[in-house]
């Protein structure tokens with residue numbers, strides 16, 4: 001089983017300090033973990049710090065996996081390369097491996113990744129022809145084709161329609177269960193978080209506001225502190241906890 | 001899941017794609033060989049093709065004048081077209097890759113303009129940057145200035161906060177600067193020097209020698225494998241800097257390495273043949289349209305298409321006016337542009 005723990009993480013760009021103090025309990029692999037926070041709270045910076053693209057204070061303790069087993073998926077940007085979807089996933093698989101030849105095992109891994117995220121029918125399409133949502137699915141396949149044990153995804157569902165959001169989150173969940181990998185997803189839809197993610201890390205202004213089991217972390221007080229909105233978490237008619245947003249926080253409180 | 005049933009189809013489709021690309025590369029090789037053969041058999045002195053071929057394959061039996069023409073004049077010219085075309089196209093391809101800009105090329109980033117200025121310094125002012133070799137003053141000056149321009153770009157790109165857009169803008173600034181400096185030199189030049197400068201900037205293969213062929217071939221033989229070793233990483237850069245970095249590509253270091261190699265690849269040919277700006281932009285685009293951007297195919301493809309275009313242009317430059325050899329830089333632009341326009345307007349709309 002893979003575990004990951006953050007201890008007083010700091011990071012920044014040059015003199016500009018973005019993260020000052022991020023800590024988390026032990027994150028167990030095999031389930032999804034959410035990272036929530038307002039825009040510019042430092043979510044992407046935290047991912048880049050964990051992935052080792054940025055240096056900074058604190059320690060990232062990893063067990064059951066090495067840095068090489070870690071993959072980070074940045075937020076969606078355009079992909080205009082003259083490559084097919086299939087080629088772009090091969091490319092992700094071959095990074096750091098070298099060799100111009102492709103083995104059957106490698107091609108099978110590419111096929112599997114495309115099927116898992118429901119984009120096999122796009123395999124022969126050019127990247128430039130894809131819609132935003134399709135591109136995001138391709139990014140996810142690129143990230144997971146190497147079977148990483150630690151996965152950090154920056155808003156993996158932001159461009160997906162409701163149906164695809166469910167599909168992708170379910171696929172990510174089953175990937176975590178199958179491989180025992182740690183998957184941390186930066187997400188904005190707190191109802192999706194409550195439905196899919198067992199643990200949640202909430203950050204604001206480069207600090208941890210709360211970290212632990214999702215239902216314990218996502219309280220009205222924390223949501224108010226995170227986003228400045230009034231919200232309630234209540235059981236719906238089927239007994240699932242749902243978040244209901246009332247609107248911007250009133251000044252008095 | 002129908003995973004097992006579907007598995008072979010995409011892999012098969014991919015194998016088909018690879019096979020198609022290998023065929024395209026093969027066709028390019030054959031076309032290049034043919035073009036070189038035609039190139040050697042054409043020239044101001046009119047020889048029958050059969051005589052030229054006999055001179056090529058049985059030089060000992062050939063007439064001595066013919067041997068000199070074919071082996072010492074036409075062959076170096078034909079082969080220099082190949083090495084220069086391949087070098088400039090490869091340089092353009094990798095510039096476009098690392099700078100994520102379809103307009104990047106040795107021409108648009110100021111290397112050609114810098115080389116022209118260096119050559120003009122020698123021809124107008126008689127200034128030799130490396131005085132020990134006065135006979136090679138023109139190419140050495142051109143090389144030095146082109147190298148200086150690319151090292152300037154290289155140096156500035158290592159600065160913090162310099163993005164690929166900045167580099168491209170800087171290159172364009174260099175083009176204007178060197179063109180202005182060149183114009184100034186031309187303004188004060190004697191009539192004789194002026195015509196030499198103008199002729200040089202038109203680009204020409206007529207000063208080809210075996211030595212120049214060897215130098216360009218060696219540089220190509222050094223640079224191409226170095227790029228080939230980084231094929232996957234270079235392809236990944238085209239998915240965007242952030243994505244490539246996330247895949248573990250050392251983007252900054254790779255960009256610097258590539259810029260350095262590109263400088264060599266572009267500066268040397270330009271100093272030998274003058275301004276043949278077009279190849280560095282068109283060669284890579286033709287290769288991209290034919291083969292996509294997987295560097296395993298794109299890299300040899302760019303070299304072959306550049307070599308083929310320049311070689312075919314060399315043929316045209318002799319065929320248009322029988323008995324005369326028109327400056328190749330003019331022909332590349334005049335003939336190449338319509339062909340290129342047709343290609344991008346019919347096929348290339350989606351890339352870039």
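The values are calculated or read from the model by the stated rules, or taken from the named source; none is laboratory data. Computed from a predicted structure; not experimentally measured. Every residue, glycine as well, gets a Cβ built from its backbone with ideal geometry; the counts of neighbours run over all protein chains shown.
A few comments on the model shown:
- Only one of A:229, A:223, A:203 that is surrounded by fewer than 17 Cβ atoms within 10 Å (Cβ to Cβ), touching a helix residue (DSSP H, G or I) at 6+ places or on another chain (Cβ under 9 Å) and modelled with pLDDT of 90 or more: A:229
- Unmet criterion (only one of (1) in contact (Cβ under 8 Å) with a residue 60 or more places away in the chain; (2) closer than 20 Å to residue B:267 by Cα) for residue B:129: (1)
- Scanning segment B:245-254 for residues that are buried (at least 24 other Cβ atoms within 10 Å of the Cβ) and within 14 Å of chain A (Cβ to nearest Cβ) turns up at least one hit.
- Residues within segment A:143-167 that are buried (at least 23 other Cβ atoms within 10 Å of the Cβ) and within 14 Å of the chain's Cα centre (by Cα), tallied: 9
- Selection count where residues are under 30 Å from residue B:235 (Cβ atoms) and not in a helix (DSSP H, G or I), scope segment B:80-130: 11
- Boolean, residue B:270 is assigned to a helix (DSSP H, G or I) and either away from chain A (no Cβ under 14 Å) or in contact with a helix residue (DSSP H, G or I) (Cβ under 9 Å, 6 or more places away or on another chain) (or both): yes
- Yes/no for residue B:53 being in a helix (DSSP H, G or I) and either within 22 Å of residue B:313 (Cβ to Cβ) or at pLDDT 90 or above (or both): no
- Residues in segment A:57-81 that are touching a helix residue (DSSP H, G or I) at 6+ places or on another chain (Cβ under 8 Å) and either within 13 Å of residue A:154 (Cβ to Cβ) or modelled with pLDDT of 90 or more (or both): A:60, A:70, A:71, A:72, A:73, A:74, A:75, A:76, A:77.
- Qualifying position, being over 30 Å from residue A:110 (Cα atoms), buried (at least 16 other Cβ atoms within 10 Å of the Cβ) and more than 14 Å from the chain's Cα centre (by Cα), among A:210, A:247, A:239: A:210
Condition check ((1) surrounded by 13 or more Cβ atoms within 10 Å (Cβ to Cβ); (2) more than 30 Å from residue B:321 (Cβ to Cβ); (3) within 13 Å of another protein chain (Cβ to nearest Cβ)) across all residues:
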| site | (1), (2), (3) |
| --- | --- |
| B:13 | yes, yes, yes |
| B:17 | yes, yes, yes |
| B:24 | yes, yes, no |
| B:30 | no, no, no |
| B:39 | yes, no, no |
| B:42 | yes, no, no |
| B:57 | no, no, no |
| B:80 | yes, no, no |
| B:83 | yes, no, no |
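- Per the listing A:44, A:80, the residue uniquely farther than 30 Å from residue B:226 by Cβ, in the same structural domain as residue A:204 (by the TED database) and touching a residue at least 12 places away in the same chain (Cβ under 8 Å) is A:44.
- Qualifying residue in segment A:24-35 (condition: more than 13 Å from residue A:182 (Cβ to Cβ) and surrounded by 22 or more Cβ atoms within 10 Å (Cβ to Cβ)): no
- Given (1) under 15 Å from the mean Cα position of the chain (by Cα); (2) over 25 Å from residue B:224 (Cα atoms); (3) within 14 Å of chain A (Cβ to nearest Cβ), number of the condition residue B:343 does not satisfy: (1)
- Of the set (1) modelled with pLDDT of 90 or more; (2) outside any helix (DSSP H, G or I); (3) over 19 Å from the mean Cα position of the chain (by Cα), all apply to residue B:323 but (1).
- Each residue in segment B:57-83 was checked for being farther than 23 Å from residue B:309 by Cα, in contact with a helix residue (DSSP H, G or I) (Cβ under 7 Å, 6 or more places away or on another chain) and in contact (Cβ under 8 Å) with a residue 12 or more places away in the chain, and 3 of them qualify.
- Of all residues in segment B:156-165 being farther than 10 Å from residue B:99 by Cβ and surrounded by 12 or more Cβ atoms within 10 Å (Cβ to Cβ), the one that is farthest from the other protein chains (Cβ to nearest Cβ): B:156
- Output for segment A:119-132, where each listed residue is more than 7 Å from chain B (Cβ to nearest Cβ) and either touching a helix residue (DSSP H, G or I) at 6+ places or on another chain (Cβ under 6 Å) or crowded, with 20+ Cβ neighbours inside 10 Å (or both): A:119, A:122, A:125, A:127
- Selection status of residue B:182, more than 14 Å from chain A (Cβ to nearest Cβ) and crowded, with 21+ Cβ neighbours inside 10 Å: yes
- Scanning segment A:88-118 for residues that are more than 8 Å from chain B (Cβ to nearest Cβ), free of Cβ contacts under 8 Å to residues at least 12 places away in the same chain and either buried (at least 17 other Cβ atoms within 10 Å of the Cβ) or assigned to a helix (DSSP H, G or I) (or both) yields a single hit, A:105.
- The test for being in a helix (DSSP H, G or I), within 14 Å of chain A (Cβ to nearest Cβ) and either modelled with pLDDT of 85 or more or within 17 Å of residue B:84 (Cβ to Cβ) (or both) holds for residue B:301.
- Of the helices (runs of 4 or more DSSP H) lying entirely inside segment A:156-253, the ones with 3 or more residues being on the phi < 0 side of the Ramachandran plot, in contact (Cβ under 8 Å) with a residue 24 or more places away in the chain and in contact with a strand residue (DSSP E or B) (Cβ under 9 Å, 6 or more places away or on another chain) are found at A:162-179, A:190-196, A:220-227.
- Residue identified as at pLDDT 90 or above, surrounded by fewer than 18 Cβ atoms within 10 Å (Cβ to Cβ) and in contact with a helix residue (DSSP H, G or I) (Cβ under 6 Å, 6 or more places away or on another chain) among A:38, A:11: A:38
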